[in-house]
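Quick notes on the structure that follows.
Every number in this text was worked out from the coordinates using simple rules, so none of it is lab data. It should be emphasised that the depicted structure is a prediction, and the values quoted were computed from it without experimental measurement. Cβ atoms come from the backbone with ideal geometry, glycine included; neighbour counts cover every protein chain shown.
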Amino acid sequence: KNKAAEAAQQIAALYSNVDYFEVQIRTLTSESKEAQFKLHALETQLTTTQDSLRSSVLTAADAVKEAEKLQLELATREAVELHLTSALHEARGDQQKLDLTLQMENMRNELTQAKHTAASMEGR
């Protein structure tokens, strides 16, 4: 009788242990699912952050390209401006020469006219 009672007690203890381990397994399974869910959320967040970073890098690269383009355009404009300024100075020099030539021509014409006037007055 004692052995049967002892065996029954051991069986009850084993069932109790089985129940305890089943609860532990369910808890661990639940915690594992929760951890997997959190991991998935973190992976999604990481992907979003990487995409955002890639976009920022591309935006920065585009900004650098645009700045380089503008810098080249500015250098080109400065070169054109320098060339035009030089051409303008040259044209002003040519204009001054032309003005002096015209003044000399006018003086020659006036001198010739004065000579003709003087000659016609002497002829009277």
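Here are the numbers for this structure:
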quantity: Overall Cα dimensions of the chain, principal axis frame, Å, largest first; calculated: 180, 15, 8
quantity: Positive minus negative residues near Leu102 (Lys, Arg vs Asp, Glu; Cβ under 15 Å); calculated: -2
quantity: Between helix 2-123 and the chain: long-axis angle, C-alpha atoms, 0 to 90°, nearest 10; calculated: 0
quantity: Fluctuation leader among Ser16, Ser52, Ser32 - the chain, Gaussian network, Cα springs under 10 angstrom; calculated: Ser16
quantity: Alpha-carbon Debye profile of segment 2-47, log10 I(q)/I(0) at 0.17, 0.19, 0.30 Å⁻¹; calculated: -0.62, -0.68, -0.93
quantity: Most fluctuating residue given options Glu105, Glu90, Glu66, as computed from a GNM of the chain linking Cα atoms under 10 Å; calculated: Glu105
